[in-house]
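Have a look at the structure below, then the notes.
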Amino acid sequence: MKVTENENKRLPFLRDKTSKLTLSPGCYLMKNEKGKIIYIGKAKSLRKRVTSYFRESADHLPKVAKMVSQVYDYDFIVTDSEFEALVLECSLIKQNMPRYNILLKDDKGYSYIKITNEDYPRISAALQKDDDNAVYIGPYTSSYAVKQAVEEANRVFKLPTCHKVFPRDFKKGRPCLNHHINKCMGLCRGRISKEDYREIINQAVDYMKNGSAKSVERLTSLMEKAAEELDFEQAASLRDRIRAIEKISENQKIIDENMKDADIIALAENVEIACASVLMYRGGRLFDKVSFMLGEIEDTKKMRGDFLYQFYSDKADIPKNIFLDGEPEDIELAEKFLRERSGRAVHIKIPQRGDMLKLVEMARANAVEQISIKVGRTGKEIIALDELSKLLGLPNPPKYIECYDISNLASANMVAGMVVFKNARPLKKNYKKFTIKTVFEQNDYACMQEVIERRIKRYLDADETDEGFKTLPDLIFLDGGKGHVNAVSAVLEKYHLDIPLYGLVKDSKHRTRAIATGGGEISVSQMKSAFNLITRIQDEVHRYAITFQTAKHKKNTYQLELTKVNGIGDAKAKKLIMHFKTKEALKAAELDEIKSVIGGSEEQLLELKKVIDNMK
């Protein structure tokens, strides 16, 4: 987005001031008309960086454009190095809390592991101590980690999670599905003594406190002791519990002795806002999880770097390894900042495969869920748009997507359909139908060119009021391959429009196979959410175009039959169709009603009525 002098009358002054600015590194403080600091940034070269905000050709992201439109003046502080500017920037942001900087606010409280005091205790997560008779372990700073640990323990030790009260409900009805699929010990059968059950609860608590390796060590010792005492039933039960822990430990991400101290950070975006989630591992356990809404979207690399500086600017506990979902702006500078803060080497890594990539994806899934709660969208929709933007190399997830398809019967009834998906959902009120006007023989490329040109002309028309035409898409899909893309690219270039344009390629079974560019194809099979969204879009545009084509074909067939009557030409036939709208209504019409529409003699009308009645 460009900021004009109508939006900010101070731009000439700001440009003149910036032209005299030093090329040295430092910090700049943008201020509004009231003198309030609204943004603080760092720069390797103050003049080059600040100039990028105010130059006439600057094309900003919406968040930056909004900030620039409010800048009345700015101050700056020169430093000896970019690193000093970075440290100063972090300090100034914390002091001033500018509106357009990333501000991290964490309002979470404490959580506890709750063990009820009853004959057959239950283990659950609790946000506060509200039961004087229960035993509480904690407090823990992360409700997420507590909840995950409790769920893990209940699953490993097959503890009941139903609402039955024991021993009151022993042998009342059959065991539930969880028992039949081996997820619950089946306490409701009444075959487990109070003492044995409490021992299992103690083992589960030990597992949550000390991790899987130590739990397996203790259970193995108990199993061997039971075997020596010839208590083979107890030994078998302990053996099964050990196997369950080992099996769970293979895939679970909550307790991992190999993961010492590390933070896993991932960002998620939903067209307009972004969120960062951090999974913190300490001593082989998921110690905490925090999520922060980052406000409006800006450059992803910059946003990731800014988050690192703000998150770790006053933290005493900085781990040796930080795993990210992508590169931050200037990774070497970020590592130097973290090294200075922690007093030792800190490594930033971007995993590409294996267990660490799974943890990064887990962090990203948490960020996605936070956004979905905030914006009322599903996590799948957010992930789909995020994956699509990464797949196509777009700077941001596409909010508004248009897709086009041509439908015809040989060279007859050539039409096109345009469907719109906004925030990954169909926006049916903005769908459009096109009847091909300038192409008279079957030529999909020429038809697609005509349709896109007509659509663009409607957008450029100053008198246009239709919302579907006045909105420019963030992404255009064509139902077709690279030939379609190349044909339509020429139209976009003609009108100087820079809109990402791709084709949707189908396989022999008419299923989405790949995305076509002007010179090749992009595979979508590895990104499931993006693939599903693309398939939905392609299926929808095909349905919409073929439905329009079928209806038009039927309408033309009726019109052709009507013109067989002497004295009934195309104009009168079209009048009848437009007036009665459906074949059924036309058949039910009386002669007087037909006459009122097109006139004609009684003989002509009787012949026409006969043709209408015989229509199939």
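The values are calculated or read from the model by the stated rules, or taken from the named source; none is laboratory data. Here the structure is a predicted model, which is why all the values come from computation and not from measurement. Using ideal geometry, Cβ is built from the backbone for each residue, glycine included, and neighbour counts are taken over all protein chains shown.
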* Asked: Any chance the stretch 551-563 includes a residue that's of a type in the set (D, E, K, R) and at pLDDT 75 or above?
  -> no
* Structure fact -> Contact list, first residue from the stretch 44-59 and not assigned by TED's automatic domain parsing to the domain that holds TYR72, second anywhere and β-branched (Val, Ile, Thr), beta-carbon distance below 9 Å, six or more apart or interchain, is none
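Of the residues LEU238, LEU308, LEU294, LEU286, which single one is modelled with pLDDT of 90 or more and either in a loop (DSSP other than H, G, I, E, B) or out of contact with any Gly (no Cβ under 7 Å at 6 or more places or on another chain) (or both)? If you could, list the steps in order and put the result at the bottom.
Working: LEU238 fails: modelled with pLDDT of 90 or more; LEU294 fails: modelled with pLDDT of 90 or more; LEU286 fails: modelled with pLDDT of 90 or more.
Of the residues listed, the single one that is modelled with pLDDT of 90 or more and either in a loop (DSSP other than H, G, I, E, B) or out of contact with any Gly (no Cβ under 7 Å at 6 or more places or on another chain) (or both) is LEU308.
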* Structure fact -> ARG155 vs (1) modelled with pLDDT of 85 or more; (2) within 28 Å of VAL290 (Cα to Cα); (3) of a type in the set (Lys, Arg): all pass except (1)
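Residues checked against (1) at positive phi; (2) assigned by TED's automatic domain parsing to the domain that holds SER523; (3) assigned to a helix (DSSP H, G or I); (4) surrounded by 12 or more Cβ atoms within 10 Å (Cβ to Cβ):
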| residue | (1), (2), (3), (4) |
| --- | --- |
| TYR459 | no, yes, yes, yes |
| THR465 | no, yes, no, no |
| PHE469 | no, yes, yes, yes |
| PRO473 | no, yes, no, yes |
| ILE476 | no, yes, no, yes |
| HIS484 | no, yes, yes, yes |
| VAL488 | no, yes, yes, yes |
| ASP498 | no, yes, no, no |
| GLY503 | no, yes, no, yes |
* To do: Kindly check whether there is at least one residue in the stretch 513-532 that is assigned to a helix (DSSP H, G or I) and either more than 19 Å from ALA384 (Cα to Cα) or touching a Pro at 6+ places or on another chain (Cβ under 8 Å) (or both).
  => no
* Asked: Would you say LYS34 is farther than 30 Å from ILE200 by Cβ and part of a loop (DSSP other than H, G, I, E, B)?
  -> yes
* **Residue match in the stretch 302-318 (condition: surrounded by 17 or more Cβ atoms within 10 Å (Cβ to Cβ) and either in the same structural domain as GLY41 (by TED's automatic domain parsing) or farther than 23 Å from ARG99 by Cβ (or both))** => yes
* To do: Restrict the check to the stretch 306-320 and report whether at least one residue is closer than 30 Å to VAL375 by Cβ, of a type outside the set (Lys, Arg) and under 20 Å from the mean Cα position of the chain (by Cα).
  => yes
* Structure fact -> Of the residues in the stretch 505-526 that are touching a residue at least 60 places away in the same chain (Cβ under 8 Å) and surrounded by 20 or more Cβ atoms within 10 Å (Cβ to Cβ), the one that is farthest from PHE477 (Cα to Cα) is VAL524
* Structure fact -> Log entry, pairs with first residue in the stretch 570-582 being closer than 16 Å to GLY599 by Cβ and of a type in the set (Lys, Arg), second being at pLDDT below 75 and surrounded by 15 or more Cβ atoms within 10 Å (Cβ to Cβ), beta carbons closer than 7 Å, six or more apart or on different chains, reads LYS574/GLN559
* To do: For the stretch 70-107, enumerate the residues that are surrounded by 15 or more Cβ atoms within 10 Å (Cβ to Cβ) and assigned to a strand (DSSP E or B).
  => TYR74, PHE76, ILE77
* Asked: Would the stretch 346-368 turn up any residue that is over 14 Å from ILE264 (Cα atoms), at pLDDT below 85 and surrounded by 15 or more Cβ atoms within 10 Å (Cβ to Cβ)?
  -> yes
* Do we have any residue at all in the stretch 374-390 that's under 20 Å from VAL290 (Cα atoms), more than 12 Å from the chain's Cα centre (by Cα) and either part of a helix (DSSP H, G or I) or not small (Gly, Ala, Ser) (or both)? -> yes
* With respect to SER529, is the statement that it is at pLDDT 75 or above, surrounded by fewer than 14 Cβ atoms within 10 Å (Cβ to Cβ) and within 30 Å of ASN423 (Cα to Cα) true? -> no
* **Subset of the stretch 571-604 (residues that are of a type in the set (Gly, Ala, Ser) and assigned to a helix (DSSP H, G or I))** => ALA571, ALA573, ALA585, ALA588, SER596
* Asked: Taking the stretch 67-93 on its own, how many of its residues are farther than 12 Å from ILE37 by Cα and either outside the structural domain of THR22 (by TED's automatic domain parsing) or aromatic (Phe, Trp, Tyr) (or both)?
  -> 1
* Residue that is on the phi < 0 side of the Ramachandran plot, assigned to a strand (DSSP E or B), touching a strand residue (DSSP E or B) at 6+ places or on another chain (Cβ under 7 Å) and touching a residue at least 12 places away in the same chain (Cβ under 8 Å), where the choices are VAL451, VAL415 -> VAL415
